[in-house]
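**Student:** I'd like to ask you about the structure that follows.
The values are calculated or read from the model by the stated rules, or taken from the named source; none is laboratory data. As the structure is a computational prediction, the values presented were derived from the model and not from experiment. Here the Cβ positions follow ideal geometry from the backbone for every residue, glycine too, while neighbour counts run over all protein chains shown.
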Amino acid sequence: MDWKAVFTISGISWSIGKEGNLYVVQTVGTFGYGGTLTGLEGDVYIGTSNVHGIPGDVEDITDYLEGPQFDLSGSVNIDADLFAGGDKGLSVDLDESGQPVYNPGAGYMYTTESSLVFGGNELPNAVDFNIQIGGSESFVMKVVPLWWGK
Amino acid sequence: MKAKDFGYIGLVICAVFCFLIAWLMYSTPAYEPTIIQLDDTFPCKENNSEWIQVDNFTVGESFYICSYVKSNVPELHKQIQIRIYEGKRDLMERPVYYDNIWVSNGEISIPLKTYLYPGSYTVELSSGRKILSTLRVEIYGE
């Protein structure tokens, strides 16, 4: 087993709101890693996420997409120097005071993610598994009205 | 159709998708956030057509939150959220009152359409996950 200190992550996601906008969101953060010993490693994640708990009566959701979150994820990879695998993640969305956001009628705000992971590391293990716990912050970069939007 | 053909089709779909994303990123201006600021926010009630600050209310008395909205958008028309928590807001505490209201630049008075039992409450005004103002209100029995 290996426990690593903090890494910096950066990602860009594209979210489509039901009001017909495409939101380009950048997320940066840090996390701790626990799992099989891998040495130096680099990962790329490609997947989908679903944001829960945004009230249905809010017309502009940008201020709901921006902000800090607590992140937890786990992945299993087939590893032979270069590796590929699957990752499931959960992020609890927080407000500026660092508390979970509860919206009556919509519930707590959280995001679930399912991703494919590709990467490479120094120590091939045949099978890697790990969990990652950390924090991140999201910023809306672009809002693109789509053809069915208002 | 051979497996190789599916691979080519997948590649073409990926290329078209990447082109669309690149085109959207290039052709759309950067997002400029609407920045809202609430100045001089206090619990209030109407008295002879004037809004006066009141920190303590009696049960059943109607009260409002008064504030002055400033933003970087000249013709602001945006929703903000108001939540009331019992006592001091604790971790995972759910609000006893929630409303989603439209605001414009300038003076506003937000009615709190709820019945609150005697006690102390935290009133929080926010825009999404951005907290705009937090204040305390005391409700006394009659």
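**Student:** Please state which one of A:D93, A:D87, A:D79 is farther than 19 Å from A:G120 by Cα, crowded, with 19+ Cβ neighbours inside 10 Å and among the acidic types (D, E).
**Tutor:** Details: A:D87 fails: farther than 19 Å from A:G120 by Cα; A:D79 fails: farther than 19 Å from A:G120 by Cα.
Testing whether each residue is farther than 19 Å from A:G120 by Cα, crowded, with 19+ Cβ neighbours inside 10 Å and among the acidic types (D, E) leaves just A:D93.
**Student:** With the requirement that a residue be within 14 Å of chain A (Cβ to nearest Cβ) and part of a strand (DSSP E or B), what does segment B:92-122 give you?
**Tutor:** B:Y97, B:Y98, B:D99, B:N100, B:I101, B:W102, B:V103, B:T122 - these are the residues of segment B:92-122 that are within 14 Å of chain A (Cβ to nearest Cβ) and part of a strand (DSSP E or B).
**Student:** Determine whether segment B:94-106 contains at least one residue that is exposed (fewer than 12 other Cβ atoms within 10 Å of the Cβ), in the same structural domain as B:V59 (by TED's automatic domain parsing) and either within 16 Å of B:I65 (Cα to Cα) or of a type in the set (V, I, T) (or both).
**Tutor:** Yes.
**Student:** Then there is this: Which one of these does A:F83 not meet: (1) among the aromatic types (F, W, Y); (2) away from chain B (no Cβ under 14 Å); (3) within 11 Å of the chain's Cα centre (by Cα)?
**Tutor:** (3)
**Student:** Looking at (1) β-branched (V, I, T); (2) more than 14 Å from chain B (Cβ to nearest Cβ); (3) in contact with a Ser or Thr (Cβ under 7 Å, 6 or more places away or on another chain); (4) surrounded by fewer than 18 Cβ atoms within 10 Å (Cβ to Cβ), can you tell me which one A:T48 breaks?
**Tutor:** Here A:T48 clears every test but (2).
**Student:** Looking only at segment B:60-75, filter to residues that are closer than 18 Å to B:S133 by Cα and out of contact with any Phe, Trp or Tyr (no Cβ under 9 Å at 6 or more places or on another chain); which one of those is farthest from the other protein chains (Cβ to nearest Cβ)?
**Tutor:** Keep residues of segment B:60-75 that are closer than 18 Å to B:S133 by Cα, which gives B:63-72.
Still in the running and out of contact with any Phe, Trp or Tyr (no Cβ under 9 Å at 6 or more places or on another chain): B:68-72.
Working: B:Y68: 20, B:V69: 15, B:K70: 16, B:S71: 12, B:N72: 14 Å.
Checked segment B:60-75; the qualifying residue farthest from the other protein chains (Cβ to nearest Cβ) is B:Y68.
**Student:** Also, quick follow-up: So is A:V24 buried (at least 18 other Cβ atoms within 10 Å of the Cβ), under 30 Å from B:M25 (Cα atoms) and not small (G, A, S) or not?
**Tutor:** yes
**Student:** Sticking with this one: Tell me, yes or no, whether segment A:110-118 has at least one residue that is touching a Pro at 6+ places or on another chain (Cβ under 8 Å) and of a type outside the set (F, W, Y).
**Tutor:** No, that holds for no residue.
**Student:** Same structure, new question: Any residue in segment B:103-126 that is in contact (Cβ under 8 Å) with a residue 40 or more places away in the chain and in contact with a helix residue (DSSP H, G or I) (Cβ under 9 Å, 6 or more places away or on another chain)?
**Tutor:** Yes: segment B:103-126 contains one or more residues that are in contact (Cβ under 8 Å) with a residue 40 or more places away in the chain and in contact with a helix residue (DSSP H, G or I) (Cβ under 9 Å, 6 or more places away or on another chain).
**Student:** Kindly check whether there is at least one residue in segment B:42-59 that is in contact (Cβ under 8 Å) with a residue 12 or more places away in the chain, in a loop (DSSP other than H, G, I, E, B) and within 14 Å of chain A (Cβ to nearest Cβ).
**Tutor:** Pass one, segment B:42-59, residues in contact (Cβ under 8 Å) with a residue 12 or more places away in the chain: B:42-46, B:51, B:53, B:55-59.
Now drop any that are not in a loop (DSSP other than H, G, I, E, B), which leaves B:55, B:59.
With the extra rule that they be within 14 Å of chain A (Cβ to nearest Cβ), the set shrinks to none.
Looking for residues that are in contact (Cβ under 8 Å) with a residue 12 or more places away in the chain, in a loop (DSSP other than H, G, I, E, B) and within 14 Å of chain A (Cβ to nearest Cβ), one finds none in segment B:42-59, hence no.
**Student:** Given the residues B:R83, B:R89, which is the only one that is of a type in the set (D, E, K, R), assigned to a loop (DSSP other than H, G, I, E, B) and surrounded by 16 or more Cβ atoms within 10 Å (Cβ to Cβ)?
**Tutor:** Exactly one of B:R83, B:R89 is of a type in the set (D, E, K, R), assigned to a loop (DSSP other than H, G, I, E, B) and surrounded by 16 or more Cβ atoms within 10 Å (Cβ to Cβ), namely B:R89.
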